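J.: Pasting a structure here, questions to come.
The values are calculated or read from the model by the stated rules, or taken from the named source; none is laboratory data. What you see is a predicted model, and the numbers here were worked out from it, not measured in a lab. Positions of Cβ are backbone-derived with ideal geometry, glycine not excepted, and every protein chain shown enters the neighbour counts. All accessible areas refer to the heavy atoms of the entire protein, side chains included, with ligands and DNA or RNA removed. Shrake-Rupley method; radii C 1.70, N 1.55, O 1.52, S 1.80 Å.
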Amino acid sequence: MTSSADLQPELDAALAAVRAASTLTRGAQGRLLAGDTLTKSDDSPVTVADFAAQAIVSAILTESLGAIDLVGEEDSDDLRGPDSDTLRLGVVDLVRSQRSEEVDEAAVLDWISVGSADGTTERYWTLDPIDGTKGFLRGEQYAIALALIERGEVVLGVLGCPNLPNGDGTTGAIFTATAGTALGWYGTTSAGHPIQVASPASLSDARFCESVESGHSDQGQSAKIAEQLGITADAYRIDSQCKYAAVARGDASIYLRLPTRADYREKIWDHAAGKFVVEQAGGIVTDVHGAPLDFSHGTKLHANRGVVATDGRFHDEVIEAVGAVLA
Ligand code: AMP
Ligand code: MG
């Protein structure tokens, strides 16, 4: 794996990009107007803030690092059609509010298009500019997830969680991971603090997290798995890769993502950053069969089904219970 020192320019650029996207999206949340949201062909929602955040991240990465391959969730074609005028103008306005009134529409669309790589090159970035858009629209949790992948392995992850409660009355954090180091960045202080997974005294004391959306993870089966493991605490339901952040810093010790459809394949941008933060904080992340997540198949995790992330200590027991319940 590339050492952390070699990736310092990439880490600096990624942290700045996720910081800027966190500020932009947090400002936009709760202020969206009619016409600011579109339903994509896969029936999932996307907002002006998703597109604007992708533009900002692409702009900052390319200004700092030069040309990059980026697999971004959003597609600028969704803004180019004649029916997209309102949406496109909303995106351009948001980007201008963050950068400068001088930015023109073509530049914004070009930045969004930077994210059209397909994940088949030796080295590429992947971005979910707003992971958990449904949570974002509810005024709840979402994440900005950015990762760098080299030869099918994640080597750097940055996760912005602008609404995450920190337990001390403050809200919002960014998590970064490079080989051997996971840090949490809180408030506007300049230093990151090391974070670590936490293990309960026994598995029955564990807290597990899962999606708020029952269509994204099978909540009936997770309840059965919890019962099998003797876990009595209620599931911690939270949108987006904030679930990985919760495991990485010990707010929870298990994240279950259980397939709701046999044909669904997880998208790389929904997992790359989060899984790397958990691993560098001492945890283990696999699919429901215990296999490592394999980022060498383009934009989807074609070789995997679902996800199980844990503190590491109880991973084998959790995988065994998942296997027994899903069988
Ligand atoms: P979460 O906030 O954890 O519920 O996950 C949000 C992500 O779920 C979105 O970014 C989608 O890419 C993804 N998603 C959409 N449909 C499904 C599905 N059927 N199974 C798993 N994930 C899904
Ligand atoms: Mg997502």
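J.: Give region 296-324 a look and list any residue that's open to solvent by less than 10 Å² (accessible area, probe 1.4 Å), among the hydrophobic types (A, V, I, L, M, F, W, C) and free of Cβ contacts under 8 Å to residues at least 60 places away in the same chain, or say none.
T.: Across region 296-324, the qualifying residues are LEU301, VAL307, VAL308.
J.: Related question: I'd like the full set of residues that are away from ligand 1 (no atom under 16 Å from the Cβ) and modelled with pLDDT under 90, limited to region 30-83.
T.: Those that are away from ligand 1 (no atom under 16 Å from the Cβ) and modelled with pLDDT under 90: GLY30, ARG31, LEU32, LEU33, ALA34, GLY35, ASP36, GLY81, PRO82, ASP83.
J.: Can I ask one more? Residue under question is ARG305, and the condition is that it be more than 18 Å from SER202 (Cβ to Cβ), modelled with pLDDT of 95 or more and in contact with a Pro (Cβ under 6 Å, 6 or more places away or on another chain); does it hold?
T.: yes
J.: Right, next: Residues that are open to solvent by less than 70 Å² (accessible area, probe 1.4 Å), more than 16 Å from ligand 2 (Cβ to nearest atom) and over 17 Å from ALA13 (Cα atoms): does region 59-74 have at least one?
T.: No, that holds for no residue.
J.: Can you name the residue in region 121-171 that is small (Gly, Ala, Ser) and more than 11 Å from SER240 (Cα to Cα) and is also farthest from ligand 1 (Cβ to nearest atom) among such residues?
T.: The residue in question is GLY169.
J.: Can you tell me which residue is nearest to ligand 2 (Cβ to nearest atom) among those in region 114-166 that are of a type in the set (Val, Ile, Thr) and surrounded by fewer than 24 Cβ atoms within 10 Å (Cβ to Cβ)?
T.: THR133
J.: Regarding VAL288, is this residue touching a residue at least 40 places away in the same chain (Cβ under 8 Å), of a type in the set (A, V, I, L, M, F, W, C) and open to solvent by less than 30 Å² (accessible area, probe 1.4 Å)?
T.: So VAL288 does not fit the description; no.
J.: Something else now. Does LEU109 qualify as being outside any loop (DSSP other than H, G, I, E, B) and open to solvent by less than 20 Å² (accessible area, probe 1.4 Å)?
T.: Answer is yes for this residue.
J.: What's the number of the condition LYS275 fails, among (1) buried (at least 17 other Cβ atoms within 10 Å of the Cβ); (2) farther than 19 Å from ALA182 by Cα; (3) among the charged types (D, E, K, R)?
T.: It fails just one condition, (2).
J.: Looking only at region 175-203, which residues are open to solvent by 50 Å² or more (accessible area, probe 1.4 Å), in contact (Cβ under 8 Å) with a residue 12 or more places away in the chain and more than 30 Å from THR23 (Cβ to Cβ)?
T.: Passing the criteria: only SER199.
J.: Answer yes or no: is there a residue in region 134-144 that is within 15 Å of the chain's Cα centre (by Cα), in a loop (DSSP other than H, G, I, E, B) and within 29 Å of HIS302 (Cα to Cα).
T.: So far as region 134-144 goes, yes, one or more of its residues are within 15 Å of the chain's Cα centre (by Cα), in a loop (DSSP other than H, G, I, E, B) and within 29 Å of HIS302 (Cα to Cα).
J.: Out of the residues in region 204-220 meeting the condition of being within 19 Å of ALA262 (Cβ to Cβ) and among the hydroxyl-bearing types (Ser, Thr, Tyr), tell me which one is most open to solvent (accessible area, probe 1.4 Å).
T.: Residue satisfying both the conditions and the ranking: SER214.
J.: State which residue is farthest from SER97 (Cα to Cα) when the search covers only region 1-24 and only residues that are open to solvent by 50 Å² or more (accessible area, probe 1.4 Å) and of a type in the set (D, E, K, R).
T.: Step by step, filter region 1-24, then rank; the result is ASP6.
J.: Could you please find all residues in region 75-99 being open to solvent by 40 Å² or more (accessible area, probe 1.4 Å) and either assigned to a helix (DSSP H, G or I) or free of Cβ contacts under 8 Å to residues at least 12 places away in the same chain (or both)?
T.: Matches in region 75-99: ASP77, ASP78, ARG80, PRO82, ASP83, ASP85, THR86, LEU89, ASP93, ARG96, SER97, GLN98.
J.: Of these, GLY27, GLY35, which one is touching a residue at least 24 places away in the same chain (Cβ under 8 Å), open to solvent by 10 Å² or more (accessible area, probe 1.4 Å) and outside any helix (DSSP H, G or I)?
T.: On inspection, the qualifying residue turns out to be GLY35.
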